[in-house]
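Visitor: The structure under discussion is supplied below as C-alpha cells; questions concerning it will follow.
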Amino acid sequence: QKDAMFNLGVMEMKGEGGPKNVVLAWVWFRLAKSKGYPNADIALAAVEKQMSPTEKATAADVLKPKQAG
C-alpha cells in the first residue's frame, strides 16, 4: 500500500516511534515510488541529502534481489 510505505518513510526519517533511520526511510520511499506515490521523488531527494555514501550503499543493497547460493 503506497500511502503506508510513504508514511513509514516519513516516520523513519523523523525518528517517530524510534530512532531516526535514514536507510529505512530511503527504502520505504523507494518502495512507495515503485508503487506510484506522487511525492516519493521529493522525499527521496530530501533523505538522500542526509545520507552518507555508506548509508546509500546499504540502502541500495536492501532492495537488491538475493542470488541463490
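The values are calculated or read from the model by the stated rules, or taken from the named source; none is laboratory data. Remember, it's a predicted structure, so these values are computed and weren't measured experimentally. Cβ: placed from backbone, ideal geometry, glycine included. Neighbour counts: every protein chain shown. When the accessible area is computed, the model is the full protein with side chains, heavy atoms only, and any ligands, DNA or RNA have been set aside. Shrake-Rupley method; radii C 1.70, N 1.55, O 1.52, S 1.80 Å.
Visitor: Can you say whether Asn7 is open to solvent by 40 Å² or more (accessible area, probe 1.4 Å) and in contact with an Asp or Glu (Cβ under 6 Å, 6 or more places away or on another chain), as far as the supplied structure shows?
Guide: no
Visitor: Of all residues being open to solvent by less than 80 Å² (accessible area, probe 1.4 Å) and free of Cβ contacts under 8 Å to residues at least 12 places away in the same chain in segment 12-53, which is nearest to Leu63 (Cα to Cα)? Just the residue, please.
Guide: Filtering segment 12-53 for residues that are open to solvent by less than 80 Å² (accessible area, probe 1.4 Å) and free of Cβ contacts under 8 Å to residues at least 12 places away in the same chain, the one nearest to Leu63 (Cα to Cα) comes out as Asn21.
Visitor: For the structure I just gave you, tell me whether Asp61 is in a helix (DSSP H, G or I), modelled with pLDDT under 95 and either in contact with a strand residue (DSSP E or B) (Cβ under 9 Å, 6 or more places away or on another chain) or open to solvent by 70 Å² or more (accessible area, probe 1.4 Å) (or both).
Guide: Yes; evaluated as a whole, the condition is true for this residue.
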